[in-house]
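The values are calculated or read from the model by the stated rules, or taken from the named source; none is laboratory data. Keep in mind that this is a model prediction, so the values were computed, not measured. Positions of Cβ are backbone-derived with ideal geometry, glycine not excepted, and every protein chain shown enters the neighbour counts.
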Amino acid sequence: MTRIGIIVGSTRPNRNSEQVAAWVHGVASRRDDAVFELIDLRDFPLPHLDEALLPAFGTYENEHTKQWAGTIASFDGFVIVTPEYNHSIPGVLKNAIDYLYAEWANKSVGFVSYGMAGGARAVEHLRTIAGNLQLADVRQQVTLHLMADFQDLTVFKPGDHQLESLGSMLGQVVSWSAALAPLRAVPVS
């Protein structure tokens, strides 16, 4: 069965990403074409990149890196839930992505973003990063607006219209993950 990790991309106190990721997981869990699991960056307290060698070498010295690598390697694709911070992604998310290389390759990724502009600029940065890591980003994305999809900027109340975008994005991530499976059988170079 295809395994999709839903990454909670913020560790900020009082973060909205936890509510958004729970919504994504709840909707995704009703599907029968994949298994979906939450991956909370709070559970992986990675210091600022501290490995001696480049991630492309895949030689990890630190136990926290090995645990993170094992988790990411176990999935066929991802949904990244991210806020937009200063027209980009949270530093903790960028750091977590940068720790690894081969573990991301030949997998699919979809994005659920939120912010004053729906998090669209954060996703544009993530798409560039994904391309370099050989992550296949799907076209459909879910953009949640703090003024429309949150009450008082903190209580997540997505509009029903968001379900169609989410369902489409999840379908693309699952389909692409399955299509990329033969490539994952070949070592990344």
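Filtered by the rule that a residue be under 24 Å from Ala178 (Cβ atoms) and either surrounded by fewer than 22 Cβ atoms within 10 Å (Cβ to Cβ) or of a type in the set (Asp, Glu) (or both), region 76-88 gives a lone residue, Asp76. Within the set Thr65, Thr2, the sole residue that is surrounded by fewer than 22 Cβ atoms within 10 Å (Cβ to Cβ), of a type in the set (Ser, Thr, Tyr) and out of contact with any helix residue (DSSP H, G or I) (no Cβ under 7 Å at 6 or more places or on another chain) turns out to be Thr65.
So that you can scan it fast, the table gives a plain yes or no per residue for (1) under 25 Å from Thr154 (Cα atoms); (2) not in a loop (DSSP other than H, G, I, E, B):
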| position | (1), (2) |
| --- | --- |
| Arg12 | yes, no |
| Glu18 | yes, yes |
| Arg42 | yes, yes |
| Leu49 | no, no |
| Ala56 | no, yes |
| Glu61 | no, no |
| Lys66 | no, yes |
| Lys94 | yes, yes |
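Please go through region 140-189 and pick out each residue that is in a strand (DSSP E or B) and either touching a helix residue (DSSP H, G or I) at 6+ places or on another chain (Cβ under 7 Å) or of a type in the set (Val, Ile, Thr) (or both). Gln140, Gln141, Val142, Thr143, Leu144, Val155, Phe156 - these are the residues of region 140-189 that are in a strand (DSSP E or B) and either touching a helix residue (DSSP H, G or I) at 6+ places or on another chain (Cβ under 7 Å) or of a type in the set (Val, Ile, Thr) (or both). Of all residues in region 162-189, those being at pLDDT 95 or above and either basic (Lys, Arg) or loosely packed, with under 11 Cβ neighbours inside 10 Å (or both) number 1.
Residues that are touching a Leu at 6+ places or on another chain (Cβ under 9 Å) and among the β-branched types (Val, Ile, Thr) were ranked within region 26-59; the one that is nearest to Glu103 (Cα to Cα) is Thr59.
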